[in-house]
Amino acid sequence: MNSISFPNIDNENLPKWEGDLAPLECIEIIEETHNVKSFRFKSQKDAWFQFLPGQHTTLFLNIDGAEVMRTYTIASSPTRPHTITITSKRMSGGVVTNWMHDNLRVGDCIDALNIGGSFSVALDNPKTKVLLMSGGSGITPMLSMTRYFIDLAINVDIVFVHNAQTPEDLIGKYELDYYAHHQTNFDLHYVCDKAHAIWQGESGFLSAEMLARMVPDFLDREVYCCGPEAYMVNAKTLLEGGGFDMNHYHQESFDIESSTAQHNMAEPHEESLDTPEFSGEVVEYNVTLTETGKTILCPSNINILAAIQKQGIGVPFACSMGMCGTCRVKMTEGTVDMDAQGGLLKSHEEEGYILTCCSHPTSDVVLDL
Ligand code: FES
């Protein structure tokens, strides 16, 4: 007769997972809604995951022979450290997520970057009352934070406001409803853009009146917000308009939910071209792009990504902060000063890769680009 083999859960005698340790093995796929799936992963080698609620990782996938990367917030909680869950929504034209929905199977293994990111309640010194605001698949860091608060029985008063297009698009509804019924400190509100006649929650665009009705004490709360750009702009406007102290407002600082390495070719924000903290003599170096066949000048006080984009050359990037790995490129000659914030594996660095968004040349440089 078969018997269950239990994994080692003694974390002291178990390696901590880092991207270099082992690929992630998909162990479960859950249909959350008609277009959202959750993928649960464990480390292929026994290991545990240490991270903070709200942080993210970048997956490396090989799609039709091309290596693509995609950054996802982890929806599970670090209080359940032997697996991580990524919850993703199928998008029209989305390459990586759609591929995962259609092709990833239980037992498949994929490589990923170390977990990182600065959007987490555990990195702040928040008030004891929090307001979690999410739109669409921006719910994932809020799910992680909610699970974390509840698993650790943290004494915090939570109001969770989640916006979705329709009631059929509500992610994690059964679990959140359960918390709303069983936790004294958890108040839940759904807002659907379009709702059918039997929908009893709020519907329409999130407005100041709606916010005041659902969260009358929002001025007293620490606010965490994640969702599409338009959603976050609206949320900020409503809070500011209501007199909220924005020092207590936090949002996912870059749109990781739409960052796809092969497709994000937009120009960087103008402010990312400047590096005000740079001190010392500015020297101009040549940056040669072998595949593009161009050589450009890059002053040592400007990151290489910005210098390339200033010339109108489109290159992949997402966070512009050294975190997501999207701008990774192989440097075949030269040296740089790089301030990678977790976006590059040690093994890739040893192979000569750099992150152009946080690398400043310290000599002439040749890139496989
Ligand atoms: S764009 Fe994210 S690490 Fe460079």
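The values are calculated or read from the model by the stated rules, or taken from the named source; none is laboratory data. None of these values were measured; they are calculated from a predicted model. Using ideal geometry, Cβ is built from the backbone for each residue, glycine included, and neighbour counts are taken over all protein chains shown.
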Would you pick out the residues in segment 175-212 that are closer than 12 Å to residue 165 by Cβ and out of contact with any helix residue (DSSP H, G or I) (no Cβ under 8 Å at 6 or more places or on another chain)? 193, 194, 203
Restricting attention to segment 294-321, report how many residues are more than 11 Å from the ligand (Cβ to nearest atom), farther than 17 Å from residue 368 by Cα and in contact (Cβ under 8 Å) with a residue 24 or more places away in the chain. 4
Exactly one of (1) assigned to a strand (DSSP E or B); (2) more than 25 Å from residue 170 (Cα to Cα); (3) not basic (Lys, Arg) is unmet by residue 107. Its number? (1)
Those residues of segment 205-220 which are part of a loop (DSSP other than H, G, I, E, B) and either surrounded by fewer than 12 Cβ atoms within 10 Å (Cβ to Cβ) or not small (Gly, Ala, Ser) (or both) amount to 205, 206, 215, 216, 217
Give me the residue from segment 333-369 that is under 19 Å from residue 69 (Cα atoms), more than 10 Å from the ligand (Cβ to nearest atom) and part of a loop (DSSP other than H, G, I, E, B) and, out of that set, nearest to the chain's Cα centre (by Cα). 345
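Condition check ((1) at pLDDT 95 or above; (2) surrounded by fewer than 21 Cβ atoms within 10 Å (Cβ to Cβ)) across all residues:
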residue	(1), (2)
53	yes, no
59	no, no
63	no, yes
69	no, no
72	no, no
80	yes, yes
84	yes, no
What is the one condition in (1) part of a loop (DSSP other than H, G, I, E, B); (2) of a type outside the set (Asp, Glu); (3) away from the ligand (no atom under 16 Å from the Cβ) that residue 286 does not satisfy? (1)
Unmet requirement for residue 232, which otherwise passes all of (1) modelled with pLDDT under 70; (2) within 20 Å of the chain's Cα centre (by Cα): (1)
Here is a list of conditions, (1) in contact with a strand residue (DSSP E or B) (Cβ under 9 Å, 6 or more places away or on another chain); (2) under 24 Å from residue 323 (Cβ atoms); (3) not basic (Lys, Arg), and residue 106 meets all of them except one; can you say which number that is? (2)
Taking segment 322-332 and the residues there that are at negative phi and within 6 Å of the ligand (Cβ to nearest atom), the one that is surrounded by the most Cβ atoms within 10 Å (Cβ to Cβ) would be 324
Within segment 316-332, can you find the residues that are out of contact with any Gly (no Cβ under 7 Å at 6 or more places or on another chain), part of a strand (DSSP E or B) and under 25 Å from residue 282 (Cβ atoms)? 329
Does residue 242 meet the test of being at positive phi and over 21 Å from the mean Cα position of the chain (by Cα)? no
For segment 154-197, which positions are within 25 Å of the chain's Cα centre (by Cα) and either assigned to a loop (DSSP other than H, G, I, E, B) or among the hydroxyl-bearing types (Ser, Thr, Tyr) (or both)? 154, 156, 165, 166, 170, 171, 172, 174, 179, 190, 193
Check 67, 32, 18, 12 and return the single one that is outside any loop (DSSP other than H, G, I, E, B) and within 22 Å of residue 325 (Cα to Cα). 67
For segment 24-42, give me each residue that is surrounded by fewer than 18 Cβ atoms within 10 Å (Cβ to Cβ) and touching a Phe, Trp or Tyr at 6+ places or on another chain (Cβ under 9 Å). 25, 27, 28, 29, 30
Part of a loop (DSSP other than H, G, I, E, B) and over 20 Å from residue 28 (Cα atoms) - does that describe any residue in segment 73-84? no
Exactly one of 4, 9 is without any contact (Cβ under 8 Å) to a residue 24 or more places away in the chain and not acidic (Asp, Glu), and that one is 4
Run down 144, 137 and say which single residue is in contact with a Leu (Cβ under 9 Å, 6 or more places away or on another chain) and outside any loop (DSSP other than H, G, I, E, B). 144
Could you list, in sequence order, the residues of segment 173-185 that are more than 25 Å from residue 37 (Cα to Cα) and of a type in the set (Phe, Trp, Tyr)? none
